[in-house]
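One structure is given here, and the rest of the page talks about it.
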Amino acid sequence: MDKASLRKLYRQKRNDLPPSQIRTLQKQLELQFSSYNLSSISVIHVFLPIAKQTEVNTWPLIESLWAVNKTVIASTTDFDTKVMRHWRIEANTSYHNNNYGISEPITQDEVFSDQIDMVLVPLLSFDTYGHRVGYGQGFYDRFLASCRDDCRFVGLSYFEVGPKIEGLSEHDIRLDQCITPKEVYNF
């Protein structure tokens, strides 16, 4: 399927999830994440969830990372230049919602993409090749392209692997893995 069709389909699928099923999927995904080997990872970039998009709630994951002394990074986005900047977040970090309703940290401790060991990547759908469908603006593809070659790109999804994604471009960055409620996919 092409990216536009998958984007529409998976947005609808997420919006159709009843709250009780979201809670179950979330707990299962958290359990999968808790068994993920982070021993070689120090600095982890985590997307802050957009509730109105029914994204995976990353806050429990963030708290679990703090509990094992990992450095957690979140981004702010400049929608005019389409550039993301990255900031260390801690338990006492303050946040504000940008014009699109996305929570962003208010902080002064900037971290650059070459310092990040792992990125938890938001997505709508992914396929068996590690390709993903996001929201179509290319923010994460540009960000991931600026990371070190050994940085791990790990998607988070309430859904298992979807259909093969057609219409990819040279700018689309593949995932290394994707964590779902039922398994961790390796690509």
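Quick note: the coordinates plus some simple rules give every number you see, no bench work behind them. Since we're looking at a predicted model, the values are computed, not measured. Backbone-built Cβ (ideal geometry, glycine too); neighbour counts: all protein chains shown.
In this structure, the amide hydrogen of V119, modeled 1.01 Å from its nitrogen in the peptide plane, lies closer than 5 angstrom to those of H45, R152, F153, V154, counting only residues at least 5 positions away or on a different chain. For region 73-82, backbone phi angles converted through the Karplus equation (6.51, -1.76, 1.60; θ = phi - 60°) give residue-by-residue couplings of 10, 9, 10, 10, 10, 9, 6, 6, 8, 6 Hz, Gly and Pro being listed as x.
For I89, the shell of other residues with beta-carbons less than 14 Å away shows a net charge of -2, using +1 for Lys and Arg and -1 for Asp and Glu.
Lys-Lys pairs in the chain that are eight or more residues apart or on separate chains and whose Cα atoms lie under 18 Å of each other come to 8.
Taking Cα extents along the principal axes in Å straight from the coordinates, which label in (i) 40, 39, 29; (ii) 41, 36, 34; (iii) 59, 43, 30 is the correct one? Checking each listed value against the structure points to (ii). The distance from the alpha carbon centre of region 26-46 to that of region 101-151 is 16 Å, rounded to a whole number. Distance between the 7 Å Cα→Cβ label points at H171 and D16: 3.1 nm. Left without a cysteine partner by the 4.7 Å Cβ rule in the chain: C178. From least to most packed, judged by other beta carbons within 10 angstrom and beginning with the fewest, D141, D80 follow the order D80, D141.
Packing here is the average count of other Cβ atoms within 10 Å per residue, and on that basis the peptides 67-77, 9-19, highest first, run 67-77, 9-19. Based on the Cβ-Cβ distance of Q108 and N37, what FRET efficiency does E = 1/(1 + (r/R0)^6) give at R0 = 35 Å, to the nearest 0.05? Efficiency computed from Cβ-Cβ geometry: 0.65. The loop-placed trypsin sites (Lys or Arg not before Pro) in region 94-176, going by DSSP, that have at most 13 neighbouring Cβ atoms within 10 Å of their Cβ come out as R148, K164.
Looking only at region 92-133, which residues have a backbone nitrogen under 14 Å from a spot 7 Å from the Cα of S146 in the C-beta direction? The answer is 110-116.
Taking a Cβ cut-off of under 14 Å around F153, the surrounding Lys, Arg, Asp and Glu residues balance to a net charge of -1, with basic ones at +1 and acidic ones at -1.
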